[in-house]
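Written out below as structure tokens is the structure these notes cover.
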Amino acid sequence: MAEIELRGITKIFDKKVRAVNDVSLTIADEEFMVLLGPSGCGKTTLMRMIAGLEYPEAGRVVIGDRDVTDLPPRKRDISMVFQSYAVFPHLTVFDNIAFGLKMQKVNKAEIRRRTEEAAGLVQLSPYLDRYSAQLSGGQRQRVAVARAIVMEPSVLLMDEPLSNLDALLRLNFRAELKRLVADLKTTTIYVTHDQIEAMSLGDRIAVMREGQIVQCGTPMEVYEHPATEFVGGFLGSPPMNFLRVRLETVDGQPRAMLGDHGLPAPATLVDHGSRDVLLGIRAENIEAIPLEGGAAHDGLVSQTLVVELLGSQMLVTGEIGDQQIKVLVRADAPIRAGDALLLRPEADKLRWFDAESGRSIAGSATG
Amino acid sequence: MSTVSQQPDSDDGFRSPRQARGRRHMLGRAGLYVLATILALWVLFPIYLITITAFSPRDVVREYPKRVIPDEFSIDSMDFFVNSTGVLPSLWNSVLVAVITLILSTVIGAPAGYALARFVFRGRDPYRLIILSTRAFPIVILSIPLAVTFLSWGIYDSIWAVALMHTALAMPFTVLITSSIFVSVPHDLEEAALTLGCTPLQAFLRVVMPLALPGLAAASIFTFVLSWNEVFAAVILTLQERTLPAQVLATLTSSPPHFRFAAAWFMLAPSLIFIFLIRRYLLGLWGRVSR
Ligand SMILES: Nc1ncnc2c1ncn2[C@@H]1O[C@H](COP(=O)(O)OP(=O)(O)O)[C@@H](O)[C@H]1O
Ligand SMILES: [Mg+2]
């Protein structure tokens, strides 16, 4: 029920570690924003500054129409789910969930009603009298979520809430969480290092690296049009393929050459000169055809190194010259290690990056 | 954490290192038990002797060799001790001094311990050391100027003088122990309370205190016993308002042996009872601190 605006936030630890570096981000009302990035990139620190648990060296935090930068957590109208859950061990499940309402001096009957309702939402109703030590990890995590949502905050902050659960629980709870938050319509910021979680939950994803936001967009945008080589490599499993190619002009048309073979390149790349560029292509956007004798045109030839069956699909790892490429094909494709393949990337899925900076240079029109 | 040591295969004709280690381990354990038994006896035997002598008829006190199992039981000695002049008032003084010491050292020491546990500030490590070093300062040298100061303040020969002195003695201990207790309370919990509407003080009172309480209780018993047993400062700082140890010390040279044994037992028993009662908390405390 509030928009969040971060203006040039910087956090420096011990006078030298720039954990968060000049981050600006606007999160719309009722939006589910995911902060995604490898561990240590500053996600938690950024979230803690929104919560008021950490004070930024520079920048402002605005929630709704209030500048909350100088306010303590209790005056920001936020709730936070901690990575460790932080369930109070000396209180029962009921008292844990009711803790915040009691601090707000809500009347007893109302506390009971809202606490029981929140407990119901996360299926904790049978456990209201238990203590933290008598709960499983999954139940503790539910207590943490219920304790946060019962406050009906303007902003819900969640720091890797699923990372301490085992794989199956994580999958179930992810879907549950998505439904829950969609019903609540609370502006939510969700921190994770798991790209699948980010893709499945977020309205938008802000990908972070070394204290900065590298790209922010809908899951589809970020996945399809990574702004940098890092983003393409971080999202997706397997990560996006990157091939170092040479730009040449053949018959007036730019072509990306890899050894003797080439692919048509967009005209916008011409002014990039004949420098090296990176060609990015996702494994599922490549057609692989067994190569029989005849010369190949408009395609790349790879030698198959390994074939891995993933169940519904097969992952083929091949080599083009000295560069590796991964291709996803149907599970029953007749491909074996050692086979030569003709690879034909879908033309509209080719992405181009500057080989030095790793930045996208063409074909990454947003939208 | 000794996963670095490589285990050579045992089929090379030599004795398996694992077996050797197992045997050494057994020997080590046996040695440990022997040592523990000796230590326990070293503490328990005098306590036992004091106890049986305190509860024997007075003529048995000088008997030699001692009977390990007494054949007569009598509370004459205890009765005589408890009813002799000055004992009951000094007992009351001792309790008051210990309680005041407890309150003062907790009120002053626990916040310092909390600060050490939670905040990174310039000079934290030197501060820790300096706290400890106050304990190394000889009371003998401190006592006379202190007596003079207390005279000028008008609290000489009162329980306050002794309580203040005991507070100073207990302080390093209180600060360091409470700091390790507070360290063991996860900071996350406190921060969660802050996001749920608590002021820092409310978070401390509602979350940190309940979780630290068992540890604090144990620490406070140490302080209590320290004050209960302290005699040197108590003797120097009082004339009439004696604490029990000071009273006993003052009358000791001029009293018969059975009186001394009764006094010793009377001094010993409360500490033992305390320690027994808080044993459970103590184990919890050390377990948490060492983790
Ligand atoms: N309290 C702190 N003191 C010093 N350095 C910190 C502190 N908190 C985080 N950092 C550093 O800041 C960087 C970002 O940490 P964090 O925000 O926890 O990353 P993430 O949540 O993305 O894994 C890391 O390099 C970490 O070591
Ligand atoms: Mg983190």
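Anything in segment A:50-96 that is more than 13 Å from chain B (Cβ to nearest Cβ), farther than 28 Å from B:A212 by Cα and not in a loop (DSSP other than H, G, I, E, B)? List them, or say none. Those that are more than 13 Å from chain B (Cβ to nearest Cβ), farther than 28 Å from B:A212 by Cα and not in a loop (DSSP other than H, G, I, E, B): A:A58, A:G59, A:R60, A:V61, A:V62, A:I63, A:R66, A:D67.
When segment A:1-49 is filtered for residues that are over 14 Å from A:V191 (Cβ atoms) and in a loop (DSSP other than H, G, I, E, B), the ones remaining, listed by number, are A:M1, A:A2, A:E3, A:D14, A:K15, A:K16, A:A28, A:D29, A:E30, A:E31. Would you pick out the residues in segment B:53-71 that are in a loop (DSSP other than H, G, I, E, B) and in contact with a Phe, Trp or Tyr (Cβ under 9 Å, 6 or more places away or on another chain)? Of everything in segment B:53-71, those that are in a loop (DSSP other than H, G, I, E, B) and in contact with a Phe, Trp or Tyr (Cβ under 9 Å, 6 or more places away or on another chain) turn out to be B:F55, B:S56, B:P57, B:V61, B:V68, B:P70.
Filtering segment A:19-48 to residues that are within 14 Å of another protein chain (Cβ to nearest Cβ) and either open to solvent by less than 10 Å² (accessible area, probe 1.4 Å) or away from ligand 1 (no atom under 15 Å from the Cβ) (or both) leaves only A:M47. Tell me whether segment A:60-78 contains one or more residues that are at negative phi and within 16 Å of ligand 2 (Cβ to nearest atom). No, segment A:60-78 contains no residue that is at negative phi and within 16 Å of ligand 2 (Cβ to nearest atom). State whether the residues of segment A:327-334 include one that is within 28 Å of A:E356 (Cβ to Cβ) and not in a loop (DSSP other than H, G, I, E, B). The answer is yes, given that some residue of segment A:327-334 is within 28 Å of A:E356 (Cβ to Cβ) and not in a loop (DSSP other than H, G, I, E, B).
Yes/no matrix, rows are residues, columns are (1) modelled with pLDDT under 90; (2) within 25 Å of B:F274 (Cβ to Cβ); (3) assigned to a loop (DSSP other than H, G, I, E, B); (4) in contact with a Phe, Trp or Tyr (Cβ under 6 Å, 6 or more places away or on another chain):
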| site | (1), (2), (3), (4) |
| --- | --- |
| B:T106 | no, yes, no, no |
| B:A117 | no, no, no, yes |
| B:Y127 | yes, no, no, no |
| B:L142 | yes, no, no, no |
| B:P145 | yes, no, no, no |
| B:S152 | no, no, no, no |
| B:Y156 | yes, no, yes, yes |
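With the requirement that a residue be closer than 27 Å to A:F13 by Cα and touching a residue at least 24 places away in the same chain (Cβ under 8 Å), what does segment A:201-227 give you? Give the steps one after another, and end with the answer.
At the first step, the residues of segment A:201-227 found to be closer than 27 Å to A:F13 by Cα are A:205-216.
Within segment A:201-227, A:I205, A:A206, A:V207, A:M208, A:R209, A:E210, A:G211, A:Q212, A:I213, A:C216 meet the criteria.
Scoring A:F230 on the criteria (1) touching a helix residue (DSSP H, G or I) at 6+ places or on another chain (Cβ under 9 Å); (2) within 16 Å of ligand 1 (Cβ to nearest atom) leaves a single failure, condition (1). Take the residues in segment A:99-109 that are within 10 Å of another protein chain (Cβ to nearest Cβ) and within 19 Å of A:I149 (Cβ to Cβ); name whichever of them is most open to solvent (accessible area, probe 1.4 Å). So, considering only residues that are within 10 Å of another protein chain (Cβ to nearest Cβ) and within 19 Å of A:I149 (Cβ to Cβ), the one most open to solvent (accessible area, probe 1.4 Å) is A:Q104. Yes or no: B:L211 within 14 Å of another protein chain (Cβ to nearest Cβ), in a helix (DSSP H, G or I) and open to solvent by less than 20 Å² (accessible area, probe 1.4 Å)? No, not satisfied. Looking only at segment A:265-276, decide whether some residue is within 12 Å of the chain's Cα centre (by Cα) and either more than 16 Å from ligand 1 (Cβ to nearest atom) or closer than 30 Å to A:R142 by Cβ (or both). Within segment A:265-276 (the criterion being within 12 Å of the chain's Cα centre (by Cα) and either more than 16 Å from ligand 1 (Cβ to nearest atom) or closer than 30 Å to A:R142 by Cβ (or both)), the answer is no, since none of the residues qualifies. Among the numbered conditions (1) surrounded by 15 or more Cβ atoms within 10 Å (Cβ to Cβ); (2) touching a strand residue (DSSP E or B) at 6+ places or on another chain (Cβ under 7 Å), the only one that A:D67 does not meet is (1).
Considering every residue within segment A:151-163, establish whether at least one is away from every other protein chain (no Cβ under 14 Å) and either within 16 Å of ligand 2 (Cβ to nearest atom) or not hydroxyl-bearing (S, T, Y) (or both). Yes, the conditions are met somewhere in segment A:151-163.
The values are calculated or read from the model by the stated rules, or taken from the named source; none is laboratory data. On a predicted model such as this, the values are computed, not experimentally measured, just so you know. When we count neighbours, we look across all protein chains shown, and the Cβ atoms used for this are built from the backbone with ideal geometry, even at glycine. We work out accessible area using only protein heavy atoms, side chains counted, and drop any ligands, DNA or RNA first. Shrake-Rupley method; radii C 1.70, N 1.55, O 1.52, S 1.80 Å.
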